[in-house]
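Worksheet for the structure shown next.
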Amino acid sequence: MKKQIAQVIVSATDLRNGPIAAAGGYQKDPLQESQLLFGDCVEVLSHENGWASVLVPDQPRFNQKKGWESYPGFIRLDHLAFIDAVPPFNDMVRKKWTTLIRPDGSQMPLFMGTRLKVELQDENHLTISFGKGQTGQIEKGAVVAEDLFCHLGAPYLWGGLTSYYPSLSFPMTGLDCSGLVFLYFRLKGMTVPRNASCQARHAKTISVTDLLPYDLIFRKDVAKERIDHVMFYLGKNEIFESTMKSRSVRRVSAIERLGTSIENITPEYSFEGGQFSFGRIT
């Protein structure tokens with residue numbers, strides 16, 4: 001049987017652990033798995049009562065019984081359009097956000113990391129296609145890279161994968177720790193696992209003496225014996241992260257965040273119930 005492929009046709013949509021909409025707000029939502037951006041494609045397994053059961057190939061996760069798999073979840077059916085095949089994307093939004101203008105004049109924001117199928121370009125605009133025969137225009141500068149630090153101060157959102165856009169209340173926008181990491185590598189054209197524990201499994205383990213800027217620091221909850229957080233190392237004893245602790249994306253010293261300088265961290269070192277390891281994704 002041919003797979004049913006659908007494409008996200010809204011700025012962003014929530015990937016849920018059940019066919020139940022998010023209540024809103026920035027509190028931890030145990031049903032929130034991730035988010036998808038405009039243009040992202042999913043395999044639809046079934047749909048009923050306004051929800052689609054889907055697999056997300058571009059957001060891998062590790063299943064203890066099955067190994068690596070496409071991330072499963074539920075998406076609102078009206079946020080999807082069925083298409084014949086995954087389009088050949090050839091560019092990406094690299095600004096914090098831009099505006100898509102449709103032929104009828106309607107507008108919608110597109111977030112950093114949104115992949116594009118560019119059909120035409122002129123001096124100032126790109127014409128993109130999506131869905132079945134739909135088109136729109138964005139500013140040409142939207143595909144010029146902006147520093148990831150543009151997200152500093154953005155709210156932490158459990159399962160978030162979106163640039164903070166304060167005038168948009170649904171879905172909520174923001175980034176979680178692994179979402180920030182996922183977005184960084186997506187901008188580099190790389191597909192990495194979605195969750196911190198899976199990112200740790202995927203990364204090459206390195207020693208503290210080998211750390212380079214944008215290598216990863218993983219925190220393991222000692223009591224629960226599982227990795228529950230991931231951070232970027234920036235060099236010079238600085239860390240870049242999105243964290244529930246600060247409720248925001250922040251840049252912070254290693255001494256404040258880890259309790260000591262980076263070079264002092266050993267596998268046995270513990271701080272605030274956590275132990276730390278280091279990884280590199282190439």
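Screening the candidates Gly153, Gly160 for the property of being surrounded by 19 or more Cβ atoms within 10 Å (Cβ to Cβ) and modelled with pLDDT of 95 or more yields one hit, Gly160. Whether any residue in the range 17-31 is out of contact with any His (no Cβ under 7 Å at 6 or more places or on another chain) and part of a strand (DSSP E or B) is what I want to check. No - not one qualifying residue is present in the range 17-31.
Scanning the range 161-180 for residues that are in contact with a Pro (Cβ under 9 Å, 6 or more places away or on another chain) and of a type outside the set (Ser, Thr, Tyr) turns up Leu168, Met172, Gly174, Leu175. Among residues of the range 201-229 being touching a residue at least 60 places away in the same chain (Cβ under 8 Å) and within 24 Å of Met112 (Cα to Cα), the one that is surrounded by the most Cβ atoms within 10 Å (Cβ to Cβ) is Leu216.
Within the range 136-153, one or more residues are in contact (Cβ under 8 Å) with a residue 40 or more places away in the chain and of a type in the set (Asp, Glu). Residues of the range 87-140 that are over 15 Å from Leu37 (Cβ atoms) and assigned to a loop (DSSP other than H, G, I, E, B): Pro88, Asn90, Arg102, Pro103, Asp104, Gly105, Ser106, Asp122, Glu123, Asn124, Lys132, Gly133.
Scanning the range 247-282 for residues that are closer than 19 Å to Lys220 by Cβ and among the polar types (S, T, N, Q) returns Thr260, Asn264, Thr266, Ser270, Gln275, Ser277.
The residues of the range 225-253 that are over 25 Å from Pro193 (Cα atoms) and not charged (D, E, K, R), listed by number, are Asn237, Ser253.
The condition of being surrounded by fewer than 16 Cβ atoms within 10 Å (Cβ to Cβ), at pLDDT 95 or above and within 26 Å of Phe240 (Cβ to Cβ) does not hold for Phe82.
Being under 29 Å from Leu15 (Cα atoms) and not aromatic (Phe, Trp, Tyr) is true of Ser248.
The values are calculated or read from the model by the stated rules, or taken from the named source; none is laboratory data. Quantities reported herein were computed from a predicted structural model and do not represent experimental measurements. Reconstructed Cβ throughout: ideal geometry from the backbone, glycine too, with neighbour counts over all protein chains shown.
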